[in-house]
Every structure is written in structure tokens, then in C-alpha cells.
Amino acid sequence: MIDPRVTAGRVAALCFGLGAATLVAAQTTQLSPDQMRAAAAETLRSGQPAVAQGYADALVARDATDLTAHLILSRALRDQGDYPAARSSARTAWSLAQTPAQKYSSALVMAQALASAGQRTRAQLWLRRAVQHAPNDTLAARAKRDFRYVQQRNPWRTDLSFTLAPNSNINNGSARDTSFLNYRISEILFGQPVEYSLDGAAQALSGLEFGGGLRTRYRFDQSATHAQDLTFSADYRSFALSDGAKAQAPGVSGSDFAYGTVSVGYAFEARNLEGKGTFALGADLGQSWYGGARYASFHRLRAAQTFHRETGSQVRLSADHEWQTGQATNDVDTLRGTAAWIGRRPNGNQVLVSFGLGAASSPNADSEYTGATVQTALALARPVMGAAVQFGLGLEFRDYDTSRHDPSGREDAKIAADVTATFKSIDYYGFNPSVTLSASRTDSNIGLFDTTRFGVSLGIRSAF
């Protein structure tokens, strides 16, 4: 073990390689380890990382378990561009950390070394660790601020989602047990339309929905006024039937209704209207599966213009066009347009109101429709029992000119409502649990398409 009273002359020799005469003169003054740590920190603040490294090296040589010395050494190495060595010192500090404050400092230094080396995604993970172990709210806020700073400069952004949801209607089955079907055949056979009994699989089946999703983008071009991304997304949902559903539809499995999609795309966004607007353009190409078999391929184009008002509210106009080529369903060409307003009330509550129109064309006349939607959402500014609460309500109307089940065509009216509670007081590595209660009802002039659905969804949301 080296004498704890390390001389300033030795440190100077390590840092500058001074001559023997200078070393002898300097040995008249000795520094304690605490004084050396203070001197190292001061030289870091004054922009002298090489000097700080000399102090830190001497401290580590004296005591390899000196956590503060490893933290200083990591920062000094990072400032000199030696990122692998900086990460190594930070990892050693993390392994030595015992208290929340020590773990916070070690995680923060590791994140800094990673971010400086361009490894921003890993840096964000370590910043989440820093938030988790922050000894007080002030330091947690600093780590969150650093997280957002790194996130804004990270060309990669990945979002994961998970679903675990009891659901009263996993197969989009009918709420009724009878329906008029195939009126032309019925008229030929029976001289009039006939109401048929629906088998168990055509009626609503209850069960448990589970699955997950991944969305990632790579920002390959960015300036102060525009950005361009390449995107990838994948989603999968499968189901487990309840005992009642198994009895209702023997021989049917929850995986028969499993649904998944994969898509790749391009997105462009730019400020316009002298900074008072944002224009967005995107394109996607994808494939879907249903019940384990290919269901449909699709490609879509979308465009949107957002107007930022001086009051802080926004008006957004958007349109998208989707072409679906079915392998197990019909080809459908769908065009939609939406106008939305987003604003904040004097009490802080955020409100969204949107109106939309849509139309679908298809070689199969039964798949063609025109429709309209109205949606509202309310996010409360104040927490309710420690949870951030958001409400949603939507109406949708569709008019099908023709239907093989009814000579007058088909008309559907759907109402859907949901409430989501995100428990901000429960925070683990910057993630909060959430619960969503949802309900929907579709009324149709054809019983087969009358549906009712209730669901409870458990999820996880990022806190920052």
C-alpha cells in the first residue's frame, strides 16, 4: 500500500514528467487523499483533464476501491476522448457503489462516457438508472433533463409496448345469436329473407389478450428546421379463451384470432409558415397475419399540416391513403381525412377534438363504404389519487351501399369510450404502470355486425 500522504511532487511528475530538481523542491508540500480529490475535481472544472487524471491515477494506485477517484478518472478520460477507458472506470465505480448517491453518480458518469462516444441509446438506459437511484428530487430532475437532451440527439429511438388485457370480445364476434344472412339465397330457397342462428365462433368470445409491439426509427438527416427518418414497427396479439368461450366454440383456439403486422417506412417533418407550422409526410409498406397465415399486404401514404397558434393550441389537418392487397381478405383502397384541434383550458386540462371523413373502394362491393368519425379526449391536469387520468370518447358511422345480407345495404354506428390512469407515484427506472378501461358498442341493421366489447388493459409508459 502506498503511503496515504502522497506528495504533490509525485502527482506533478505523473502529470507533467517534471525534472528531478523540480520534484525535490515540490516534495516539501504534501497533500492528503481528501485534498487530492478536491484538487482533482477543481482541475476538472477548470478544464485540465490531464492534471485531474494524474491525481486520480495516484488515488487509485493508493486504493483501488476509491470510488470517488474512479469517478474523477472516468470524467477526465472522457474529456480527453479516451471513451473505452472512461467506460471502464465508470463501470468500476458502479461495482463499488453502495449508497443511492454513489449509484447515481456512477450511472451519470457512465451515461456521459457513452453519450460522448455516440452510444446514446445505452446512455439513455444508464440515465434511467441514475433517475432510479437519485437521492433527491433535484438530482432526479437533472438526470431526466440529461435524458431528454441525449434523446433529442439520438438518431435511434425505440418504443416498446406490452399488452395484457381481459377482453369480452376477442374475435369481434356478434353480440346476438341470430342474424339475417345471404338474403338472395334465402329468397330463392324460402321465398323471403330468413334469420339464421349464429354458431358459437361467430358470436363474441371472451378471453385474455396478450402481446407486444416494437417501434423504432433511425433519424438519418436532421437540421434546425427539418428531420428525415427510416421507421420499423412490429406488433403481435394473441389470445387465450375463457372457459365459457371454450364451451361456446369447441375446437376453436385463441391463436386462431392472433393478429400481427410488420412494416417499414419513411417519415419527413419540417417547420414552415415562419415557424408557426409543421408539415409531415410519410410512407409505409407492410404485411399482416391472421391466425398464423398471411392476411393482407398494405402500403400507405400520409400527410399532415399542423398550425401552431399564439394561444398555445394547435390545429392539425391530415390525410392518408391506404392500398390493401388481401391474401385472406378483400382488396380495399381507403382514403381518410381528419381535422383536429388540441388545446389547454385555463385550468390546465388538455382537450382534443377531431372530425374525420373516409371512404373505401373495393372489387368486392360489400367492402365499400363511406364514413365519418368524431373523437374527443380530455387529459386532467391534476392527478386523481396520485394517477394521471385521461378520458376518450369516439363516434363512428359507416354506410355500405350494398350487402349480401340485406337488400338495403348496411349501416353501422359505433360508440367507444375509454379511461386511462397512469400511476405517476409508482416509478421504476422511469416507467409508470397504467390501466385502461375500454368499452365499445356497434349497432348495425345486420345482426352479424352488432358487437359489444369491454376490456381492461395493463401497460407500462415512460415517465419522461
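Just report the Cα centroid separation between region 328-366 and region 40-85, whole Å.
Measuring centre to centre over Cα atoms gives 57 Å.
If you take the charge dipole of the chain about its Cα centre, with +1 on Lys and Arg Cβ and -1 on Asp and Glu Cβ, which of Asn169, Gln305, Ser263 is farthest toward its positive end?
Working it through, the farthest residue towards the positive pole turns out to be Gln305.
Rounded to the nearest 500, what is the 222 nm mean residue ellipticity of the chain from helices alone, with -39500 (n - 2.57) per DSSP H run of 4+ residues and division by all residues?
After summing the helix terms and dividing by residue count, I get -9000 deg cm²/dmol.
Residue by residue through region 436-448, what is 3J(HN,Hα) from phi via Karplus (6.51 cos²θ - 1.76 cosθ + 1.60, θ = phi - 60°)? Round to whole Hz and write x for glycine and proline.
Result, ordered by residue: 10, 9, 9, 8, 8, 9, 10, 9, 10, 6, 10, x, 4 Hz.
For the chain, what is the charge dipole size about the Cα centre, in debye to the nearest 20, if Lys and Arg each add +1 at the Cβ and Asp and Glu each add -1 at the Cβ?
In debye, rounded to 20, the chain gives about 2160.
With respect to the cross-link table entries Lys103/Lys424; Lys276/Lys414; Lys246/Lys424, which display a Cα-Cα separation exceeding 32 Å?
Lys276/Lys414; Lys246/Lys424
Rounded to whole Å, give me the distance from the Cα center of region 110-153 to that of region 417-436.
21
List, in order, the whole-Hz ³J(HN,Hα) value for each residue of region 411-417 obtained from phi through the Karplus relation with A = 6.51, B = -1.76, C = 1.60 and θ = phi - 60°; use x for Gly and Pro.
These are the phi-based 3J(HN,Hα) values: 10, 10, 10, 10, 10, 9, 9 Hz.
If region 283-388 were replaced by its equivalent ellipsoid, with semi-axes equal to the square roots of 5 times the Cα gyration tensor eigenvalues, what would those be, largest first, whole Å?
Square roots of five times the eigenvalues give 35, 18, 13 Å.
For region 207-364, what does the alpha-carbon gyration tensor say about shape, rounded, prolate or oblate, given a ≥ b ≥ c as the root eigenvalues, a/c under 1.5 as rounded, and a/b over b/c as prolate?
Prolate, because a/c is 1.5 or more and a/b exceeds b/c.
With 10 Å bins from zero, work out the P(r) of region 34-77 over every alpha carbon pair and list the percent per bin.
Calculated P(r), rounded to whole percents: 37, 58, 5.
Just how far, in whole angstrom, is region 243-270 from region 274-327 if you go by their alpha carbon centroids?
Taking the Cα centre of each part, region 274-327 and region 243-270 sit 21 Å apart.
Based only on other Cβ atoms within 10 Å, what is the fewest-to-most ordering of Met385, Met110?
Met385, Met110
Given R₀ = 22 Å, what would the calculated FRET efficiency be for Glu187 paired with Thr402, taking r from the Cβ atoms and rounding to 0.05?
0.90
Mind listing the phi-derived Karplus ³J(HN,Hα) values for region 287-298, rounded to whole Hz, using 6.51, -1.76 and 1.60 with θ = phi - 60°, and x for any glycine or proline?
Whole-Hz 3J(HN,Hα) from phi for region 287-298: 9, 10, 10, 9, x, x, 10, 4, 10, 6, 9, 8.
Could you work out the per residue convex hull volume over the alpha carbons of the chain, in cubic angstrom?
198
Every read-out reported here was derived from the displayed coordinates using simple, explicitly stated rules and does not represent laboratory data. Quick caveat: nothing in here was measured; it's all calculated off a predicted structure. All Cβ positions, even for glycine, are placed from backbone atoms using ideal geometry, and neighbour counts span all protein chains on display.
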